[in-house]
Every structure is written in C-alpha cells, then in structure tokens.
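Novice: One structure, as structure tokens, below. Some questions next.
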Amino acid sequence: MTTAQLVPLVDTHAHVFTTDMPLINKPRHKPGYSFTEQDYLAQLDAHGVQFGVIAAASPWGDYNDYTIRTVGNNLNRLRGTVILYPGKYYDLAAMSERGIVGVRLPYIGLDTLPDITTSDYRKLLRQIADQGWHVHLHVEGKHMPSLLPLLEASGPRIVIDHLGRPAPDEGVDSAGFKAIVKSVKSGKSWIKASCAYRIGDIAATHFQAFLQQLGPDRMFWASDSPFVGREGELTYADTINWLADQVSDENVRRKLLGENALQFYFQQ
C-alpha cells in the first residue's frame, strides 16, 4: 500500500516536545530527546501525510505552550489538543484562534480516576462544549462504562483514544468494548484506530469488531509518533500500513486514513 493511494492522509495523534519543557512530578515517561515542530513536519512530508493533530501529552501537564505555538505556526496543516486542569483559568478562545480543538483527559495508569462530577469539572467540560471542542479520552477500557455516560451528559463530543486501550484479556464481549459501541451509536463519540503496537494482537480484533458494528464513519487513523517509550520498535510507515492492511475496501481506507479526520478536525 502506497500513500499515494490513500490521499488525503490525516495523522490524528502525534506529540511534539523538547527536553527543556517542564515535566510534572513522577511523569509516566521522561523522553531524553526532543521531537520538534520541524521534526514532525518533516516526518509528515516524508510519508505524504498532508495534515496532523498534535495531542497534549501527560508528562508536561498543562504546559501547553509548545503545542499551541507549533499548531499556531501551521494553521493550514495542524490542529491540536491541550491538557487543562479544573479550577484554573484558561483563555479557550485565544487557544481556538491558534488551532486548538480539544482537551485531552490523560487518565491512563492512574490509581484513582478524577471525579468529573465536581463543580470545577462540570464547569470545565461545559466550557469545552461551548467552545465547540471535544474531549480526548485516554483511559483503560475497564473505565469506559463508568466514564462515558458522565462525559456524554457533560456536553462536548468525545474522541476515544487508542481503540479504547483494552487489556489483553478484554475481548469484544467486555463491558468496555460494549460501552464504546453504545457511545458511538448515540452520536457522541469517535474512536482513534491507533497504538496497536502498545495494545498487542487484540488491537486488530477490536478494530475489526468496531468496524463491523459501527461502520467506518467515526474512526480515525493516528500514528502516535514518536512512539514515546517504544522508540525503535516500529516506523511511521508501519502505523499507516497496519491500518491499511486491516481494510480491503479502498473507500473505507480513505475514510479512516483521512477523510473522516479532515471533516472532524479541519472543517467544523
């Protein structure tokens, strides 16, 4: 499969960072290298990818400055999500002008999840919805049944990261998978078909089941570049080919690898 057959391509999840950015206490990852705006744009160019979405990453908390600057410098090509903390003031309108379109909820690996029913969280989620943004949910599949109904009631659209991050023993009959299917069918949620290299063999099973039960219109491809913590295990092209190889219908490929994302991130 060549990228020329898959135009337009939209990478809906990658990270940019520098080694001098301030880390949170006890970050999940602590990269010892920079992956800059220029590095990412060169990567897109090398693989014929026209558009990208920069995802906020948990090691830097709400230090969103570099993401906002990178996206704002490339509004014809990039969009981004940020991390925001409830109870703090942020100028969402100014971020929108710089190409920010959503807020990432980086709950993966937490011993205790935040209570998103508190006043501060309800206010933040309402402001996200009022801005026309989405919430970008990154959490293990086992939490989907409890979290998704609360997020649906809070107002913003929902993008579920990395196929819902199922555990190896969570099949398509699991409560997490069923909760995602229900949320997508309700019209509130979309799914990123990404991060198969972290999920393992179960990724293909979940992807195919989502495609069969939901169709292709609410899923996006993403690279997760530069594969923090797993560098060297795969290439950028591998992430494109993984998804392309899962689908035989060229029209479906086009939707998943670009057309859906172009509409969701760039045309609303």
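Novice: Do you know which residues across the range 148-177 are touching a residue at least 40 places away in the same chain (Cβ under 8 Å), out of contact with any Ser or Thr (no Cβ under 9 Å at 6 or more places or on another chain) and assigned to a helix (DSSP H, G or I)?
Specialist: Gly164
Novice: For the structure I just gave you, tell me whether Ile180 is crowded, with 22+ Cβ neighbours inside 10 Å, without any contact (Cβ under 8 Å) to a residue 60 or more places away in the chain and not in a helix (DSSP H, G or I).
Specialist: Numbers: crowded, with 22+ Cβ neighbours inside 10 Å: yes; without any contact (Cβ under 8 Å) to a residue 60 or more places away in the chain: yes; not in a helix (DSSP H, G or I): no.
Judged against the criteria, Ile180 is not a match.
Novice: Are any residues in the range 94-112 more than 18 Å from Tyr265 (Cβ to Cβ), of a type in the set (A, V, I, L, M) and at pLDDT 95 or above, and if so, which ones? Please lay out each step first, then the result.
Specialist: Within the range 94-112, the first condition is being more than 18 Å from Tyr265 (Cβ to Cβ), and the residues that meet it are 94, 106-112.
Right, trim to of a type in the set (A, V, I, L, M) and you get 94, 108, 110.
Correct list: Ala94 only.
Novice: Something else now. For the range 212-268: of the residues being assigned to a loop (DSSP other than H, G, I, E, B) and of a type in the set (A, V, I, L, M, F, W, C), which is farthest from His15 (Cα to Cα)? Step through it out loud before you land on a result.
Specialist: Going through the range 212-268, the residues assigned to a loop (DSSP other than H, G, I, E, B) turn out to be 215-218, 222-224, 226-235, 247-249, 267-268.
Subset that is of a type in the set (A, V, I, L, M, F, W, C): 222, 227-228, 234, 247.
Details: Ala222: 11, Phe227: 9, Val228: 9, Leu234: 16, Val247: 26 Å.
Out of the qualifying residues, it is Val247.
Novice: Collect the residues in the range 84-113 that are surrounded by 14 or more Cβ atoms within 10 Å (Cβ to Cβ) and in a loop (DSSP other than H, G, I, E, B), keeping them in residue-number order.
Specialist: Start the filter on the range 84-113 by keeping residues that are surrounded by 14 or more Cβ atoms within 10 Å (Cβ to Cβ), which leaves 84, 86, 90, 92, 95, 98-108.
Of everything in the range 84-113, those that are surrounded by 14 or more Cβ atoms within 10 Å (Cβ to Cβ) and in a loop (DSSP other than H, G, I, E, B) turn out to be Leu84, Pro86, Tyr90, Arg98, Gly99, Tyr107, Ile108.
Novice: Hey, can you tell me all the residues within the range 17-68 that are part of a loop (DSSP other than H, G, I, E, B) and under 15 Å from Gly99 (Cα atoms)?
Specialist: Step one: of the range 17-68, the residues part of a loop (DSSP other than H, G, I, E, B) are 18-34, 36, 47-50, 55-57, 61-64.
Hits for the range 17-68 are Ala55, Ala56, Asn64.
Novice: Take Thr81 and tell me if it is part of a helix (DSSP H, G or I), at pLDDT 95 or above and not aliphatic (A, V, I, L, M). Steps first, answer last, please.
Specialist: Details: part of a helix (DSSP H, G or I): no; at pLDDT 95 or above: yes; not aliphatic (A, V, I, L, M): yes.
Against the criterion (part of a helix (DSSP H, G or I), at pLDDT 95 or above and not aliphatic (A, V, I, L, M)), Thr81 does not qualify.
Novice: For Asp217, indicate whether it is more than 18 Å from Leu147 (Cβ to Cβ), of a type outside the set (Ser, Thr, Tyr), without any contact (Cβ under 8 Å) to a residue 24 or more places away in the chain and loosely packed, with under 15 Cβ neighbours inside 10 Å.
Specialist: No: the conditions fail for Asp217.
Novice: Take Arg79 and tell me if it is touching an Asp or Glu at 6+ places or on another chain (Cβ under 9 Å) and of a type in the set (D, E, K, R). Explain how you work it out, then say what you get.
Specialist: Values: touching an Asp or Glu at 6+ places or on another chain (Cβ under 9 Å): no; of a type in the set (D, E, K, R): yes.
No.
The values are calculated or read from the model by the stated rules, or taken from the named source; none is laboratory data. Because the structure is a prediction, the values reported are computed rather than measured. All Cβ positions, even for glycine, are placed from backbone atoms using ideal geometry, and neighbour counts span all protein chains on display.
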